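Trainee: My questions all concern the structure below.
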Amino acid sequence: MSTLADRIGDHLAHAVAAILRRRKLAIVALLAAAALSVWYAARNLGVNTDTTNMMSATLPWRQNFSEYREAFPVRDRNLLVVIDAKTPARADEFAAKLLAELRREPDVYRSLFLQGEGEFFARNGLLYLPRAQLEQLADRLTAAQPLFGLLQARFDGAAVLDVAARALAPPATASAGDAGAAVPLYAELARVLDQARTGAPEPLAWGNLISTGAAQQQSARRLIVLQPAVDFGKIQPATAAINGIRALAQRLNAAESEPVTVRLSGSVAMEHEELASVSASAGIGGLATLLLVCGVLYVALRSWRLLAISVVALFAGLAYTAAFAAATVGHLNLLSILFVVLNVGLGSDYVIHVLLRYRELVAQGHAAEPALLSTMRGVGSSLVLAAFTTAAGFYAFIPTQFKGVAELGWIAGTGVFFGFLSAATLLPALVAQFASSLHAQSARTVLDARIFVPFNRHPRAVLAVTTVVVVASGVALRWVTFDSNPIHLRDPKSEAVRTLLELAANGDAQLLNLEAVAPDHATATAWAARLRGLPEVRNVITIDSLVPKDQADKIAVLDDLKLVMGPSFAHLNRAPTDPERLAASLAAVEQASAEQREAEPLHAVVVRLRAALAAASPADALRQLAALDAALTEGLQAELARLASSLEARSFGRDELPEALASRFVGTQGRELVEIVPAEDVSDNAAARRLIAAVRGVVAKATGPPVVYQEASGTVVRAFELALLYAFSMVSVMIFVVLRRWRETLLVVVPIALSKLVTAGFAVAISMPFNYANIIALPMLVGFGVDSGIHVVHRMRTDTAEQLFDTSTMRAVLASGLTIVASFGNLAFSSHVGTASMGVMLAVGLCISMAFTLIVLPAWLKMRADRTLSAARA
C-alpha cells in the first residue's frame, strides 16, 4: 500500500514527464513568465521605509504614542542640527545664518526651532536666570561700569589690555570694584594671549564674561530642531533634506576663518543612516550571496553547465516572488527587503537536492530523462514537505502584531513555494534540454558527507556529549536577555548615534525624554508636581516652566542696573589697530601681573608672547599683533547690544510666549505636554526600565521613545514566542500527515527543537542578546532545520545507517546547508549592527542544526538500529 509520500512523488514524476515532453515550450513559457514578473515588480513593487508603522496600531502603547504625535505634530519626525563652535558668539552667528538659509526652503524644512532665538528672548532672556544669579550679574556689571567707561573713550585691543592692567594694579591705586570685575577677564586673557603666539587666537569670550562670569560658562553649542520633508517611497526618505543641510553648512563654513562643526542627529538622522546601511548591506549582501552560492553549487555539482542552469532557476524563483510581493503587498519594508537573500539560499536547497540525486542516478547508468523522473519520484515528496515546513516557519510570523516581520513572512514564505516550483519545473526542463549529454562517472563531490562517518561509529559518545551540551544550554537560558533599545542596533560609529549618545551624557537628548499628554492645564500641573518628587527624574518641563518666576523683582533689578550703566554704554567706537600702542599695553600688563599672585598664569603667558614677538620678523610681529587686536575686541559690541536689549525686559505670561515654543507644549484640543527629563542616561536599558516604572506610577499613559522601545520589545518577544509555537505545531502536523509515523515525526522535530535550545545557549556564551533583528532567526531556523531532517529520515527508509553517508541525500544536506550558511552568513559582515547580529544568529543556528542532522540524528538512528538488531538476534 503506497503512502502519501509515495503518491506525492508519483504525481511530481508525472508532472515532470509532461514538462519534458514539451520542454522547449515549457522553458520559453516559464522564462517569459519570469521576465514578465520582473517587469511587473519593477513597475509595481515600491518601498515603504516608514518604521513607525512596523507594529500594529491597535496596541495600547502605540495608541498612546500616536496620541502624542497627533497632539504635538511639531515634535514628530524631528531632525536635530547640532552646531559646535569655539565661542558662543560664533555659534550664535553661524546658527543665525543657517536658520536664515533653511527658512528660504519652507517646503523642505518646517517647524524650525532654535531655543533663545528671536526678539522675545533677546529682550526677556535675563528673566530666566534665578533671582540670586541675576543679582550677582548686576553686581558684577555695576562694578565693571567704570571699565566700560574707559572703553567708550577708546575701543581697540590696546584699550582692553589697559583696562586689564588697571584692574591688575596694586590695591593702593585700584578700586576693589575694578579688581573684582576683572578677575574673570584676566583668566580669559591668559587663554587669548597664549593662542596669539600661534598667530590665530580665538576671540575673547565676552559673552561668558558679561552674562554669567567665569563660574558658569555659556555653551558654544546650539541646537536647531526641525521637521524635514520625507518621501517614504524612497529607500532614504530624508535624503534631500539632509543633503541640503550638509551642503548649506559646507558653503557657510567656506566663509569662516575657523570651520564650525555641524552634525545631524535625532530620529530622522538615525533612520537615514540605518536605511543607508541596510540598503547597502542588501545590495552587497545579495551580490555576496550570489557569489558564495555559486561557489558552493559548483563545488557540489562540478559542472559549469549545471551551475548556469541552477542560477537561471534561482533567478526565476526570485522573479516570481517579487511579482507576488508587488501584487499582494505592494511594497518592501526594512525587514521584507531581506527576502532576496533568504530566498536565494532556500531556493538553492531544492536545486541541490534535485541535481545531486540526478547525478547519482546518471552515475549509476540511467539516461537523462529517466534519471530526472526517478529523481522527482525519489526526492519529490521530501522536497514538497520541506517546502511546506519552511514556509510554515515564515508564515508563523503572519499572526503576530509585528507588522514588518509579518510582511517578511508572507513574502519569503510564499517565495519558498516559488523556489520549489522553479526547481520542479524549469530546472528539469533546462537539464533535459541543455545538460542531458553530461555523464558523471561518480556521484561523489568535494563536499563528501563521509567525513562524519567516524562520529557515527561512536553513537553513545555523540549522544552523551549532546546531552551535556543540551543540559548546559538549558541552564544558560536564565541568562538570555533581550536588548530593547533599537539605537544599539545601529552603527555606534555613525554621526547620528555618536552625537545622540554625547547629548544624552550631557542631559540634552530630547529624543530620550518621556512625554505625558495631559487633557488640560490642571492635570498637567498636578502630574508635574508629583513627577518632580521622583529621584529618577532630573527635570519636568511644562508650559508653566517657560514663564519665569519673580518677574517683578527681577525687572526691578534690571531697571536699577539700566540706571547704573547709563543710556549709551553699548555704543563703542572701534579705533584703528595701533601695533605700537598694543605692544606698550602688553608691557603694562606684564608689569601689573607680576605683582599679583593670582595672575601668575597670565604673567607667564605675556612674558612668552612678548618674547615671541621680539624674536619674530617685523612683518610677522605686525601680523600677530593685528590678529591679537581683533581677538580682543571681536564680539564685545554685539554682546553689549544684547545686554542693552535685555535691560528692556517686561513682564509676560504663557499667552505671550513665541508660537514656535508654545506649540511644543500646548497641543490640539487644549492638551498640554509634560516633558520628563531622566536623571540617568536612559540609553542604558536598566536605567530606562527604572525611569519608566517610576513615571508610570504617576502617569500610566506616559510615552516617548524609551517607552516605545521597552513596550515594542515586549510585543516582539511575545510575537516570536507565538511564532515559535505556531512553527513547531504546523511543522509537526505536516510531517506526521506525510510520513504517517509519530516515531519518524519525532526523529525530525526533536533534534531541531534541541538545536534551537543550543543556539540560545550559544548566544549566551558569546554575550549576544536577542534583539529586534536576530530574534527573527528562531522561527526561520525551525523551518530550515526541519528540511534536512526530513530528507535524512526519508532516505533511511531505503538505506541503512552505514550506507546513509554515501548517498546523494547526505551530500545534498551538507551542500545545501553550506549554501544557506553562506547565503545568510554574509549578513554578519553588515555595518548595521542588527543585520550583522541576525547574520551571526542564522549562521550559528544553521551550523548547529547541521550538526544535529549530520551527526546527532544519524547517531540516534544508528543506536536504534543496533538495538533492533540486538533484539532480533536475542
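The values are calculated or read from the model by the stated rules, or taken from the named source; none is laboratory data. For clarity, every value in this text was computed on a predicted model and none was experimentally measured. A quick note on method: Cβ atoms are made from the backbone with ideal geometry, for glycine too, and the neighbour counts reach across all protein chains shown. Please note that ligands, DNA and RNA were not included when accessible areas were found on the heavy atoms of the full protein model with its side chains. Shrake-Rupley method; radii C 1.70, N 1.55, O 1.52, S 1.80 Å.
Trainee: ALA660 fails exactly one of the following numbered conditions: (1) of a type in the set (Gly, Ala, Ser); (2) assigned to a helix (DSSP H, G or I); (3) farther than 29 Å from ALA509 by Cα. What is the number of that condition?
Mentor: (3)
Trainee: Here's a follow-up. Considering only segment 184-212, how many residues are modelled with pLDDT under 80 and crowded, with 17+ Cβ neighbours inside 10 Å?
Mentor: Residues meeting the conditions: 9.
One line per residue, one yes/no per condition, for (1) crowded, with 19+ Cβ neighbours inside 10 Å; (2) touching a residue at least 60 places away in the same chain (Cβ under 8 Å); (3) among the aliphatic types (A, V, I, L, M):
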site	(1), (2), (3)
GLU744	yes, no, no
VAL749	yes, no, yes
VAL758	yes, yes, yes
GLY761	yes, yes, no
TYR772	yes, yes, no
ILE775	yes, yes, yes
LEU781	yes, yes, yes
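Trainee: Go through segment 109-132 and count every residue that is of a type in the set (D, E, K, R) and either surrounded by fewer than 16 Cβ atoms within 10 Å (Cβ to Cβ) or under 14 Å from PRO228 (Cα atoms) (or both). Outline the logic, then answer.
Mentor: At the first step, the residues of segment 109-132 found to be of a type in the set (D, E, K, R) are 110, 117, 119, 123, 131.
Next, only the ones that are either surrounded by fewer than 16 Cβ atoms within 10 Å (Cβ to Cβ) or under 14 Å from PRO228 (Cα atoms) (or both) stay: 110, 119, 131.
Residues that pass the stated criteria total 3.
Trainee: How many residues, within segment 589-635, are open to solvent by less than 40 Å² (accessible area, probe 1.4 Å) and in contact with a Lys or Arg (Cβ under 9 Å, 6 or more places away or on another chain)?
Mentor: Summing the residues that are open to solvent by less than 40 Å² (accessible area, probe 1.4 Å) and in contact with a Lys or Arg (Cβ under 9 Å, 6 or more places away or on another chain) in segment 589-635 gives 9.
Trainee: Given the criteria crowded, with 24+ Cβ neighbours inside 10 Å, modelled with pLDDT of 75 or more, under 23 Å from SER767 (Cα atoms) and not aromatic (Phe, Trp, Tyr), does LEU846 qualify?
Mentor: Numbers: crowded, with 24+ Cβ neighbours inside 10 Å: yes; modelled with pLDDT of 75 or more: yes; under 23 Å from SER767 (Cα atoms): yes; not aromatic (Phe, Trp, Tyr): yes.
Taking the combined requirement at face value, the residue satisfies it.
Trainee: Tell me whether segment 684-692 contains one or more residues that are touching a strand residue (DSSP E or B) at 6+ places or on another chain (Cβ under 7 Å), in a strand (DSSP E or B), open to solvent by less than 20 Å² (accessible area, probe 1.4 Å) and at pLDDT 90 or above.
Mentor: Taking every residue of segment 684-692 in turn, none turns out to be touching a strand residue (DSSP E or B) at 6+ places or on another chain (Cβ under 7 Å), in a strand (DSSP E or B), open to solvent by less than 20 Å² (accessible area, probe 1.4 Å) and at pLDDT 90 or above.
Trainee: On to the next question. Could you tell me which of the residues VAL674, VAL731 is open to solvent by less than 20 Å² (accessible area, probe 1.4 Å) and within 30 Å of HIS794 (Cβ to Cβ)? Walk me through how you get there before you give the answer.
Mentor: On the way: VAL674 fails: within 30 Å of HIS794 (Cβ to Cβ).
On inspection, the qualifying residue turns out to be VAL731.
Trainee: If the Cβ limit is 6 Å and pairs must be 6+ apart or interchain, which residue in segment 662-678 that is farther than 8 Å from ALA71 by Cα and at pLDDT 90 or above pairs with which residue that is surrounded by fewer than 22 Cβ atoms within 10 Å (Cβ to Cβ) and charged (D, E, K, R)?
Mentor: VAL677/ARG538
Trainee: Now for a separate question. For segment 86-108, enumerate the residues that are open to solvent by 20 Å² or more (accessible area, probe 1.4 Å), closer than 19 Å to LEU204 by Cβ and in contact with a strand residue (DSSP E or B) (Cβ under 9 Å, 6 or more places away or on another chain).
Mentor: Hit for segment 86-108 is ASP92, nothing else.
Trainee: Could you check ALA174 against (1) at pLDDT 85 or above; (2) hydrophobic (A, V, I, L, M, F, W, C); (3) closer than 25 Å to LEU628 by Cβ and say which number it fails?
Mentor: (1)
The rows are residues; the columns are (1) polar (S, T, N, Q); (2) modelled with pLDDT under 90; (3) crowded, with 18+ Cβ neighbours inside 10 Å.
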{"position": "SER265", "(1), (2), (3)": "yes, no, yes"}
{"position": "THR289", "(1), (2), (3)": "yes, yes, yes"}
{"position": "VAL296", "(1), (2), (3)": "no, yes, yes"}
{"position": "LEU301", "(1), (2), (3)": "no, yes, yes"}
{"position": "LEU306", "(1), (2), (3)": "no, yes, yes"}
{"position": "THR321", "(1), (2), (3)": "yes, no, yes"}
{"position": "SER336", "(1), (2), (3)": "yes, yes, yes"}
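Trainee: In segment 409-417, is there at least one residue being assigned to a helix (DSSP H, G or I), among the aromatic types (Phe, Trp, Tyr) and either touching a residue at least 24 places away in the same chain (Cβ under 8 Å) or on the phi > 0 side of the Ramachandran plot (or both)?
Mentor: Just the residues of segment 409-417 that are assigned to a helix (DSSP H, G or I), to begin with: 409-417.
Those left that are additionally among the aromatic types (Phe, Trp, Tyr): 410, 417.
Going one step further and asking which of them are either touching a residue at least 24 places away in the same chain (Cβ under 8 Å) or on the phi > 0 side of the Ramachandran plot (or both), we end up with 410, 417.
Checked against the condition, which is being assigned to a helix (DSSP H, G or I), among the aromatic types (Phe, Trp, Tyr) and either touching a residue at least 24 places away in the same chain (Cβ under 8 Å) or on the phi > 0 side of the Ramachandran plot (or both), segment 409-417 yields at least one hit.
Trainee: Additional query: Which pairs have Cβ atoms under 8 Å, sit 6 or more apart or on different chains, and link a residue in segment 217-243 that is closer than 20 Å to PHE113 by Cα and open to solvent by less than 60 Å² (accessible area, probe 1.4 Å) to one that is at pLDDT below 80 and of a type in the set (Ser, Thr, Tyr)?
Mentor: Within 8 Å, the pairs are GLN218/SER211; GLN218/THR212; ALA220/THR87.
Trainee: A further question on this structure: Scan (1) touching a strand residue (DSSP E or B) at 6+ places or on another chain (Cβ under 6 Å); (2) open to solvent by less than 30 Å² (accessible area, probe 1.4 Å) for the single condition HIS331 breaks and write down its number.
Mentor: HIS331 satisfies all of (1) touching a strand residue (DSSP E or B) at 6+ places or on another chain (Cβ under 6 Å); (2) open to solvent by less than 30 Å² (accessible area, probe 1.4 Å) except (2).
Trainee: Specify the residue that is least open to solvent (accessible area, probe 1.4 Å); the eligible residues are those in segment 20-78 that are without any contact (Cβ under 8 Å) to a residue 12 or more places away in the chain and outside any helix (DSSP H, G or I).
Mentor: Out of the qualifying residues, it is ALA57.
Trainee: Could you please find all residues in segment 295-326 being among the β-branched types (Val, Ile, Thr) and either in contact with a Gly (Cβ under 8 Å, 6 or more places away or on another chain) or without any contact (Cβ under 8 Å) to a residue 60 or more places away in the chain (or both)? Step through it out loud before you land on a result.
Mentor: Taking segment 295-326 first, the residues among the β-branched types (Val, Ile, Thr) are 296, 299, 309, 311-312, 321.
Hits for segment 295-326 are VAL311, THR321.
Trainee: In addition: Please name all residue pairs, on different chains or six or more residues apart, with Cβ atoms under 8 Å, provided the first residue is in segment 137-162 and is more than 17 Å from TYR186 (Cα to Cα) and touching a residue at least 60 places away in the same chain (Cβ under 8 Å) and the second residue is β-branched (Val, Ile, Thr) and assigned to a helix (DSSP H, G or I).
Mentor: What qualifies is LEU137/THR212; ALA138/VAL557; THR142/VAL564; PHE155/THR633.
Trainee: Checking ILE766 against (1) over 36 Å from the mean Cα position of the chain (by Cα); (2) at pLDDT 80 or above, which single condition isn't satisfied?
Mentor: Tallying (1) over 36 Å from the mean Cα position of the chain (by Cα); (2) at pLDDT 80 or above, ILE766 fails exactly one: (1).
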